[in-house]
Amino acid sequence: MTTERLKGLELEIDQYRITQEPFYLPVRNEVELFRTAYSNRIPVMLKGPTGCGKTRFVQQMAYQLKRPLITIACHEDLTASDVVGRYLLRGDETVWADGPLTLAVKHGAICYLDEVVEARKDTTVVIHPLTDDRRILPIEKKGQVIEAVDEFMLVISYNPGYQSILKELKQSTKQRFMAIEFDYPPREMEIRILQHETGLGEAAAQSLVKLGEKVRNLKNHGLEEGVSTRLLAYAGALIQKGIDPRSACEAAVIQPITDDPDMHRSISEIVNSIFP
Amino acid sequence: MPDPIQPMSPPPFLTGFCGKEMDDASQRALFETIAALAPSDRSTLLELLEELLSTAPKAAAAGVRNLTRILQTLAPAQSLAWLDLGTSISSQSSTAAQKYFLESPDLLAMTDPARRLPLLTLGLELSDGHYGVVMDFIRAGPQLPAGIGTADQTAWMETGLQLAEEDLVLAVEYFRISPEVLHQIPVADLPLWVQLGRHLVRPNALGKPDYLKVIEYFRLSPETLSGLEPADLRRPFLELGTVLARKSADDGMAYLRTGPTILREFDSPIHRRLFLSEGRRLADAITSGSRDPSIVLDYLREGSKIFQAIEHNPTDFITWVDAGLSLLAKNPERAKAYFSGRSKTGRDTTERLIGGILLKTISRTLTLYAEGLSGRSIVIRPTTDLPAKLRETIGDSPATDGRTIYLPDRIRLFPNDDDNFRLYKMTTLHEAGHLEFGTYEPDLDKMKDVIETVAAEYGRSPSSDRPLQTAADYFGLFPNPSWARSLWTLLEDARVDFHLRAEYPGVRRDMDQIVALDLQSRPPLEGLPPRAAVHEALLQLSITDTTEAPLELAETVSGAYDLLLELKKPSATATDSLRVLARLYRFLEEQFRRFPNVRGETDPLGMQEKSPDDSTEQASSPDQRGTAPSPSTLSYRGVMHPDWVRFHSDDATVPVDPARLGSGPLPSAPRSESRDQILQDGRTEAAAKENIPDSGTKTGSTRPMDLEASGNPVFFYDEWDERAQEYRPKWCRLYEHRIRPESSLIVQQTLSSHGPVLRLLRRRFQSLRPEAFRKMKRQSHGDDLDLDAVIEARTELRNGRTPQDTLYIRNEKRLRDVAVAFLIDMSGSTSRQIASARKCVIEVEQEALILMAEALHAVGDPFAIYGFSGDSKDRVDFYIIKDFSDALNAAIHERIGAMRSLNQNRDGTAIRHAAAKLERQPAKTRLLILLSDGKPLDTGYAGDHSLQDTKRALKEARRRGIHPYCITIDQEASRYVTEMYGEVSHTIIDQVATLPDKLPRIYRRLTT
């Protein structure tokens, strides 16, 4: 956490508003579920593999609900102070600076804790009082308790797939959220997403999606995680810019997902089989 | 009437002698014969007789008695030579002469008349000094091969004479054996043959010559040499043997025993010659460099295999030998390892020479490729893993049973490995295509009408008690099931290839390349019998859509092709293939009615294949059964086994009856999801195959230890050969066992008597547990303000100075992240008693382990206890007393109690295995503690080799991020530990009894 970031937080909450509609294709009923959760003030957990559109979905929902979106990327060193806020030394006095969570609670933003399992356990506990019907955020250091405004919504994302057993989300945390499950979009939809994201023609997008499916078959057979829609979109973008499809897939699909030479060769052969 | 004896009356010395020795009739006969001789001969004869009678009267008696017969059968000159030789012998030994006179007449009678005189003349020469061998010499006469002329005979004798000059024993053997040998080699090679034999004579322990080897050599020679064909191979064979025997009689002998067998393995004389000449090159290099001659023996054994493996390519073979020779110049030990096939360099060289691609090197790539494409778990295995019975029918063709794809273990069809890989890839793709496009899961419900039609048409309805289960059952409804099967194979392959080409445009080019090569070797349609021609045409059409059908078949082919095209559609399914089959079968059957000879064709091009079902299902129609191989298909298309194509139906699940699979189901392959599990368990393929001695659930009293039955996984480990400076690949075989708990006195005693010690230990080790958090002061950010820092900062500020901005306290979590494995030497020497403690070493070790286990339990570090012993490289036993995943409980104590002193110890292998297990622990710090009581010692594992291998194994462990630590309780260990443990930290405990006290201390020290 740098001071620049914290300073930034003190600026306008408006900068967290999403003004342009992000592209998102609903796969099932996730939009409806999310809206209902929002109106009933139920915190939401988005489950699913990396790069399948969780973050994009939250952005879309924030846009639709016209709420600011504050995203906190969780990591091992993220402390409770980092999210709640802390005293800062300014000149010869200490000044309280709200953390992103406090900001969201006060302004009724959607607070999105991305990859929440990565956060330390003591940090995760901070959000607990916000997730039940009290909807409060105790700020220990100030001896305050803030009640969340009605529009505040807590969203976490969680990828049950690849983390080690040490990073399993605790039941006490899990059971405070309504869960919406995400997976890679179905074929037709993924083709449309790729076309939209990259401007690729239908045939090329189809081939990329086929590649995606084949590579995802290898999950648990040596791959921790299948290739994400995001990576396919990168590959599509490269192809669109005139890079040879095989090279594009090498750079945007194979290299990012594996360091294992055998696996590398296998996926290359799959790429070669799909792209003439 | 003139008296015939008148011209010569026998001299008195003769009449007097004969009067004593012979009856009257014999005397008369002798005198008459003598009288018939020409005067000059007669006088010579009488002179000789006189001399003989005067020197050796006893021998002379025998001579005189046989003289008549000699004179009557032999020419006068021969007779004189005979007598001359006898006289010469008798001057040296009367007994020998007597023997000569008695036995030689018969021998000479058998000898070729033209050869008698030379033989006797040479014998005379020989008798001078070597009368002892003359009889053997004469005896050889009749046995000499017909082609031996006088000159040859002389040469033969002279070789013997020379030998006799040196060694009479050898000369006797020579004359006994050489006539037979002369059937195999020319006289000119005799000296070589003898020379080799002379090298085999070595002084024995008493300093006297040891003839055993040479006699064996001589006696086996005729057989050995006759086994070498063609005859011109024999000289180089002997030459190589001579070079070898000169260096070492033992090696020479081993060569003579094994060489011919090895040479016979080569079919071509050219290859035999090359093999020998290369051997000679090696032998010469060894001689000139004074290297170990046994390398040549290694060469013979290993080289022949390699020569076969590289398909007798002379250039490649010479390259292989050259590589070995260059090693020989640098490091003879490595060369020995190279030629004996023990070295990695050797194997690599061979692999390179053999060329092609090995399945094992790319099977993972192919597996992932197939799994990716088909979206299923797939196991790729070499066809050599197929049950033998199945292999007989399908050979090395690729095959799949729906989950396992069997591929040839090596493809070297093309000079270029890219092409070989391409073929592997296409084969995998095609087989994976069968899986992806549902070949093995046709839908019975969509087949019912066709099945009924076929059954009705051919009158072979499926029996009611056994519904159709597999495609094989379906083919059984046709009059010729084998033909139906081969047509189906063709249709289904065509359908799958069509799908593949549509789905994966990238493979089209690869497939086209393989097909183009394949088609070159397809038979031309012209001249094939109609049925085979149509089949061939369809096969070509199935992939290229063009063929050149003979005119009279054009209609048939085009009709069949129309049917085939119905499957070359994106919507076509495996069920469609089976449906189209019925139509194609009927269509072709009708068409073939036009060709009268088709009906007579019993088995054109081996259309009928023996299917495992034939024996039971079609016993009534023996004409349908054939044994010919299946018609060859395209190289990347494998054999499909209709038994594995199981109908599925939505109505009812068809029960699987394993007995129905004639050849039995394929050996079940492990599901790939559980692959990691398999690694963990160590249940390797080998484990399944090895016939491991039952490790027993029985509690036989003879068993040293009670092991839990767990299918004993087997592992193979390399071993370091210090002298050759390389690994011996897969040298040692390690069996993993679990010890069955066994209550023992030592455990109870330790637990009860060490009560206070245990409590102390627990407390000490508990204190090692790190605090959950540690406060880090003066951080730039953190959970709390650091009051001291804030006050300081305020002071600074008041004083107008810029304060430090590190004002926070941060709580940091610290983890103790240590995993430890104890590896205990359980060799026989641990049974040694320790005087001071009235216990034996292993008991002290057990005591130490029990305490250690308690201490570790207190600190919470994951730990494992392993023991090892063994007997030779093929049996290294690795005992799991406590694995990382086992909880510490009474059973573990009892397992520790069940440890026993066993056999030998091959430390390196055990270290490698323990390290491999430890490596899988997620802990940051991984510690391997080796507890040994002496030098490693095992069969073929002693001295420097064992020290160096152990050192190497420890080094490997370090390289894998493991910290090895060695504790030895051998008082004399200081002499070798530094050599063995090298840079690895170690300690010597000289008072064994203190081990239980010291072990936990050492551990504490290591981990704090």
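The values are calculated or read from the model by the stated rules, or taken from the named source; none is laboratory data. None of these values were measured; they are calculated from a predicted model. In this analysis, Cβ positions are derived from the backbone assuming ideal geometry, glycine residues included, and neighbour counts consider all displayed protein chains. The accessibility values were calculated without ligands, DNA or RNA, using every heavy atom of the protein model including side chains. Shrake-Rupley method; radii C 1.70, N 1.55, O 1.52, S 1.80 Å.
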* To do: Could you tell me whether B:GLU552 is farther than 22 Å from B:TYR636 by Cβ, part of a loop (DSSP other than H, G, I, E, B) and either open to solvent by 20 Å² or more (accessible area, probe 1.4 Å) or touching a Ser or Thr at 6+ places or on another chain (Cβ under 8 Å) (or both)?
  => no
* Asked: Quick one: which strands (runs of 3 or more DSSP E) sit completely within the stretch B:773-833 and have at least 1 residues that are within 12 Å of chain A (Cβ to nearest Cβ)?
  -> B:773-779, B:808-813
* To do: Test A:ARG216 against the stated conditions and say whether it is surrounded by fewer than 20 Cβ atoms within 10 Å (Cβ to Cβ) and without any contact (Cβ under 8 Å) to a residue 40 or more places away in the chain.
  => yes
* How do the pairs read when you match residues in the stretch B:28-48 that are within 15 Å of B:LEU80 (Cβ to Cβ) with residues anywhere that are open to solvent by 40 Å² or more (accessible area, probe 1.4 Å) and not in a helix (DSSP H, G or I), using Cβ under 6 Å and keeping only pairs 6 or more apart or on different chains? -> none
* Asked: Does the stretch B:807-834 hold any residues that are surrounded by 15 or more Cβ atoms within 10 Å (Cβ to Cβ), of a type outside the set (Lys, Arg) and free of Cβ contacts under 8 Å to residues at least 60 places away in the same chain, and which are they?
  -> B:LEU807, B:TYR808, B:ILE809, B:ASN811
* To do: Test B:ASP419 against the criterion of being over 24 Å from the mean Cα position of the chain (by Cα), at pLDDT 80 or above and within 22 Å of B:VAL515 (Cβ to Cβ), and give yes or no.
  => yes
* Checking A:GLU76 against (1) under 26 Å from A:SER228 (Cβ atoms); (2) acidic (Asp, Glu); (3) crowded, with 16+ Cβ neighbours inside 10 Å, the condition it does not meet -> (3)
* To do: Hey, can you tell me all the residues within the stretch A:191-247 that are of a type in the set (A, V, I, L, M, F, W, C), away from chain B (no Cβ under 14 Å) and in a helix (DSSP H, G or I)?
  => A:ILE191, A:ILE193, A:LEU194, A:ALA205, A:LEU231, A:LEU232, A:ALA233, A:ALA235, A:ALA237, A:LEU238, A:ILE239
* To do: Give B:ALA502, B:ALA516 a once-over and let me know the one that is open to solvent by 20 Å² or more (accessible area, probe 1.4 Å), within 14 Å of chain A (Cβ to nearest Cβ), among the small types (Gly, Ala, Ser) and assigned to a helix (DSSP H, G or I).
  => B:ALA502
* Subset of the stretch A:258-276 (residues that are within 12 Å of chain B (Cβ to nearest Cβ) and either acidic (Asp, Glu) or not in a helix (DSSP H, G or I) (or both)) -> A:THR258, A:ASP260, A:ASP262, A:GLU269, A:PHE275, A:PRO276
* Asked: Just for helices (runs of 4 or more DSSP H) wholly inside the stretch A:86-156: which have at least 3 residues that are farther than 18 Å from A:ARG17 by Cα and within 14 Å of chain B (Cβ to nearest Cβ)?
  -> A:121-126
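Table: residues versus (1) open to solvent by 10 Å² or more (accessible area, probe 1.4 Å); (2) hydrophobic (A, V, I, L, M, F, W, C); (3) under 27 Å from B:GLU229 (Cβ atoms); (4) touching a residue at least 40 places away in the same chain (Cβ under 8 Å).
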site	(1), (2), (3), (4)
B:LEU119	no, yes, no, no
B:SER127	no, no, no, yes
B:TYR131	yes, no, no, yes
B:GLY149	yes, no, yes, no
B:GLN153	no, no, yes, no
B:ALA171	no, yes, no, yes
B:ARG176	yes, no, yes, yes
B:VAL181	no, yes, yes, yes
B:ILE185	no, yes, yes, yes
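Quick check on this structure: which one of B:ASP23, B:ASP112 is farther than 18 Å from B:ILE138 by Cβ and modelled with pLDDT under 85?
Result: B:ASP23 is the single residue among B:ASP23, B:ASP112 that is farther than 18 Å from B:ILE138 by Cβ and modelled with pLDDT under 85.
For the stretch B:334-388, which residues satisfy the criterion of being assigned to a helix (DSSP H, G or I), of a type in the set (Gly, Ala, Ser) and away from chain A (no Cβ under 14 Å)? Write out each step before concluding.
Taking the stretch B:334-388 and keeping what is assigned to a helix (DSSP H, G or I), we get B:334-339, B:344-354, B:359-374, B:383-385, B:388.
Still in the list and also of a type in the set (Gly, Ala, Ser): B:335, B:337, B:346, B:363, B:370, B:372, B:374, B:388.
Matches in the stretch B:334-388: B:ALA335, B:ALA337, B:GLY346, B:ALA388.
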* Candidates A:ALA237, A:ALA233 - the one that is out of contact with any Pro (no Cβ under 9 Å at 6 or more places or on another chain), surrounded by 20 or more Cβ atoms within 10 Å (Cβ to Cβ) and more than 25 Å from B:ARG509 (Cα to Cα) -> A:ALA233
* Asked: Does A:GLN255 count as of a type in the set (S, T, N, Q), more than 21 Å from the chain's Cα centre (by Cα), within 14 Å of chain B (Cβ to nearest Cβ) and surrounded by fewer than 19 Cβ atoms within 10 Å (Cβ to Cβ)?
  -> no
* free of Cβ contacts under 8 Å to residues at least 60 places away in the same chain, surrounded by fewer than 19 Cβ atoms within 10 Å (Cβ to Cβ) and of a type in the set (Val, Ile, Thr) - does that describe any residue in the stretch B:968-982? -> yes
* In this structure, does A:ARG35 turn out to be part of a helix (DSSP H, G or I) and surrounded by 18 or more Cβ atoms within 10 Å (Cβ to Cβ)? -> no
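Quick grid of which residues meet (1) free of Cβ contacts under 8 Å to residues at least 24 places away in the same chain; (2) open to solvent by less than 10 Å² (accessible area, probe 1.4 Å); (3) away from chain A (no Cβ under 14 Å); (4) over 28 Å from B:THR573 (Cβ atoms):
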{"position": "B:GLU392", "(1), (2), (3), (4)": "yes, no, yes, yes"}
{"position": "B:THR400", "(1), (2), (3), (4)": "no, yes, yes, no"}
{"position": "B:ARG410", "(1), (2), (3), (4)": "no, no, yes, yes"}
{"position": "B:ASP418", "(1), (2), (3), (4)": "yes, no, no, yes"}
{"position": "B:ARG422", "(1), (2), (3), (4)": "no, no, no, yes"}
{"position": "B:HIS430", "(1), (2), (3), (4)": "no, yes, no, no"}
{"position": "B:HIS434", "(1), (2), (3), (4)": "no, yes, yes, no"}
